[in-house]
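A short worksheet on the structure shown next.
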Number of protein chains: 2
Amino acid sequence: MSGQKRSATRADVARLAGVSASTVTYALTGERSISDETRKRIMDAMAELDYTPNAMAQGLAGRRSGLIALSFPVGERGFESSDFEYVQAATDVLSRAGYQLLMWPNPIEDLDSLRRIVSQGLIDGVVLMEVRREDPRIPVLQSTRTPFVLIGRTDNESDCDWVDADFGQWGPMAIEHLAEEGHEHIAVIGLTEDMFTAGYGPVVRTEQNLVSAAKKAGVTLDIERVRPNIRAGKEAMETMLAGANPPTALIGFNQPAVIGAIEAIVSHGLSIPADFSLLQLGISPEAAETTFPAQTSIGVDGALLASTAARFLADSLAGASTGSEPRHFLGDAVFTDRGSTGPVPRK
Amino acid sequence: MSGQKRSATRADVARLAGVSASTVTYALTGERSISDETRKRIMDAMAELDYTPNAMAQGLAGRRSGLIALSFPVGERGFESSDFEYVQAATDVLSRAGYQLLMWPNPIEDLDSLRRIVSQGLIDGVVLMEVRREDPRIPVLQSTRTPFVLIGRTDNESDCDWVDADFGQWGPMAIEHLAEEGHEHIAVIGLTEDMFTAGYGPVVRTEQNLVSAAKKAGVTLDIERVRPNIRAGKEAMETMLAGANPPTALIGFNQPAVIGAIEAIVSHGLSIPADFSLLQLGISPEAAETTFPAQTSIGVDGALLASTAARFLADSLAGASTGSEPRHFLGDAVFTDRGSTGPVPRK
DNA sequence: CTGTTAGCGCATTCAG
DNA sequence: CTGAATGCGCTAACAG
């Protein structure tokens, strides 16, 4: 056993370097100038003792924990690989700014736990994911004066910092792409009304934009809203294909349902993209390439969104007190052609 | 502005309740007995002041942060919904034991960061996921005397606490199931050699068991090892089906590749399970039901694994000093019939 | 059953 | 350019 019982403290370093304790701190933070001579002695001492500052003590004394919570409620939707893109990007930016990310997977409704953790002084700021149109977490954070940023938007948009996809671009982009290829009758498979009333922002906005873009382009839309599962999507698609005037393309905003829809399309004797076109909204690259065929999609760069959010938060933590204007960021729509759309087939 | 600048401290509570500061602590921890009278006064005072103990100060004084890191390196494999099952289960158990989970997504090789975070005194223990046969994180944790538990195993099994799937059951169970249905020639699509040499434990163990079980059952195996992507799986399956004596069933241990394999099977004019049987190993329920058809599978209860690991860690944190025997747990194989296997077709 | 006293390791005044 | 003193909010002996 060669173990040192207790790890070295700042006092140990100071002693070994022959300086005072506070000088060690300043050598570390650079808050005031130090002679090269002294700095070197301190650095050497730190290296020799394998010194690492104690985070708790830093937090207590400096009223800054270096921890950021990522509120990542996992509801019906579950976890997708795309979600990790967000986590990863946020982690990168924040760690560069000296913060660690604390994942907080509790449900949105668990406000007591949220209140507790932010009151504990353990957390400097919060990134909120899966934001609802009226999000109960926000008042909690505001009342405890905890800095935060949203990935997503509430109905009251101007109220705080947020980043979000520019859903306004999705509908027009999707409709235009398909209209250009000659499609005049397009199926849409979205999410159920539940998601509407639960206030799931993207769903509402996107569908609205789709409708208005279709009107402008003179395209007929056949909208079905179903639960996010394969069977529901399959049934919805079968119904649409069995109609008198079946659609020649599908716009999906519901990945599990679209998997079922693909099955329905293929069973119907149609092949993609020769006979039928498929365009999926808001899907991650990973998920889009997990199906057969892979899905052409319109979405947002999640990493860009998350890293921007992280930057907003880091900035407002740096600027501490000042209540400058809220900052917003809209991520451009990204079109990725994976070959699942094509010109409308001749009869 | 009605904001209290600074949140209430233990001293404030003590003053308002008319007791000494330490009494407040003991009322909270129950470390020594207190008259009901006094306890009530303290509780009332805490409620009135909306008091929450400061986590940093608790950590500094009590040398216990209440934070557990979950080392969750995200490599080539990415993030799957099943992974969240682990996170969720671990979080539940640990929060009941008074801990928060800090997600640590850094790559396995990022040992400097790991060393730093555990030396900071910010973390009481670590749960390691994606454990390699020789995992470099382990020496780091041992040298810093940080309690930890593995989800997975190293080659040196007796060395520390771990939980893992009982892979020994998978091979026999898979072979027996298919053999009973009359299959005599079975394809296997596993992962590439890279994963072998990278020391990805499950891959190695499972394939070995598959081979020995097949020998015992008198079944012929046709093993292909491919990268985890759709195209590779499709090509591998096409090759096998084009052979002189094509297999009648597939055992997969590579989800993306199996998606491609399914496509190859269907294109070949075979339908599942009437003409061809499919059995997937080690896949999450979510992923198994994301394909068409859904996949019958053999795997492990991830939530059980993770919660057991969490319990191991919580226990060893409670029993602090004592170095009792390492604890191990093997999760039973779980067979889930999703209808993708059936009797071998008559010629 | 309760109060008093030291620290935990560091940031930050205040003095040179 | 550097040192000394104070306190962050709490736990854990030590005293009754």
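With the cut-off at 1.5 for a/c, could you classify the protein assembly as shown from its C-alpha gyration tensor as rounded, prolate or oblate?
Values: a/c = 2.15, a/b = 1.42, b/c = 1.52.
The shape class here is oblate.
Determine the relative contact order of chain B: mean sequence separation of Cα pairs under 8 Å and six or more apart, normalised by residue count, in whole percent.
Relative contact order for chain B comes out at 17 percent.
Here's how it looks for residue B:191: its modeled amide H is under 5 Å from those of B:226, which are all 5 or more places away or on a different chain. The residue among B:187, B:218, B:160 whose Cα reaches farthest toward the positive pole of the charge dipole of segment B:143-218, with charges on the beta-carbon of Lys, Arg, Asp and Glu, is B:160. Taking the DSSP bridge list for the protein assembly as shown and keeping only pairs wholly inside it, about 10 percent are antiparallel. Scanning chain A for the Cβ atom closest to the axis that brings A onto B yields residue and whole-Å distance A:103, 2. Inter-copy label distances at residue A:20, shortest first and taken from points set 7 Å along Cα to Cβ: 3.4 nm. The overall shape of segment A:188-269, judged from the alpha-carbon gyration tensor, is oblate: a/c is not under 1.5, and a/b is no greater than b/c. Name the most mobile residue of B:121, B:98, B:66, meaning the one with the largest mean-square fluctuation, in a Gaussian network model of chain B with Cα contacts below 10 Å. Comparing B:121, B:98, B:66 in a Gaussian network model of chain B, the most mobile one is B:98.
Need one number: % antiparallel among DSSP beta bridges in segment A:192-347, to the nearest 5. Can you show the working numbers first?
On the way: 3 of 10 bridges.
Around 30 percent of the beta bridges assigned by DSSP in segment A:192-347 are antiparallel ones.
Once the Cβ-Cβ distance of residue A:318 and residue A:238 is raised to the sixth power relative to R0 = 56 Å, the FRET efficiency obtained is 0.50. A helix-only calculation puts the protein assembly as shown at -13500 deg cm²/dmol for mean residue ellipticity at 222 nm, using -39500 (n - 2.57) for each DSSP H run of at least four residues, averaged over all residues.
Comparing A:144, A:178, A:202 along the charge dipole axis of segment A:106-205, the residue lying farthest to the positive side is A:144, per the Cβ-charge model. Taken along the Cα-to-beta-carbon direction at a fixed 7 Å, the label points for residue A:33 and residue B:329 span 6.0 nm.
Expressed as a rounded percentage, what relative contact order does segment A:117-163 have, with Cα pairs under 8 Å and six or more residues apart? Please report the intermediate quantities before stating the final value.
Values: 60 pairs, mean separation 18.5, N = 47.
Computed value for segment A:117-163: 39 percent relative contact order.
Can you work out the FRET efficiency for the pair residue B:9 and residue A:231, with r the C-beta to C-beta distance and R0 = 45 Å, to the nearest 0.05? Can you show the working numbers first?
Details: r = 56 Å, r/R0 = 1.25.
Taking R0 as 45 Å, the efficiency between residue B:9 and residue A:231 is 0.20.
Within chain B, the whole DSSP H helices whose Cα atoms reach 15 Å or more along their own axis and whose mean Kyte-Doolittle score is at least 0.5 are B:255-267, B:302-318.
Annotation for residue A:345, label-to-label distances across the other copies: 2.4 nm (shortest first, one decimal, point 7 Å from Cα along Cα→Cβ). Under the convention that each Lys and Arg Cβ holds +1 and each Asp and Glu Cβ holds -1, the size of the dipole of segment B:26-174 around its Cα centre is about 620 debye.
Relative to the compact-globule scaling 2.2 N^0.38 Å, provide the ratio for the alpha-carbon radius of gyration of chain A. All intermediate terms of the calculation are to be shown ahead of the outcome.
Numbers: Rg = 26.2 Å, N = 347, 2.2 N^0.38 = 20.3 Å.
For chain A, the normalised Cα radius of gyration is 1.29.
Using Cα pairs closer than 8 Å and at least 6 residues apart in sequence, work out the relative contact order for segment A:273-347, in percent.
Working: 87 pairs, mean separation 37.6, N = 75.
Relative contact order of segment A:273-347: 50 percent.
Inter-part distance, segment A:88-132 to segment B:225-265, computed on C-alpha centroids, equals 42 Å.
Just so you know, all these numbers are worked out from the coordinates, no wet-lab data involved. Just so it is clear, the structure is predicted and the values come from calculations on it, not from any experiment. Methodologically, a virtual Cβ is constructed for each residue, glycine included, from the backbone with ideal geometry; neighbour enumeration extends over all protein chains shown.
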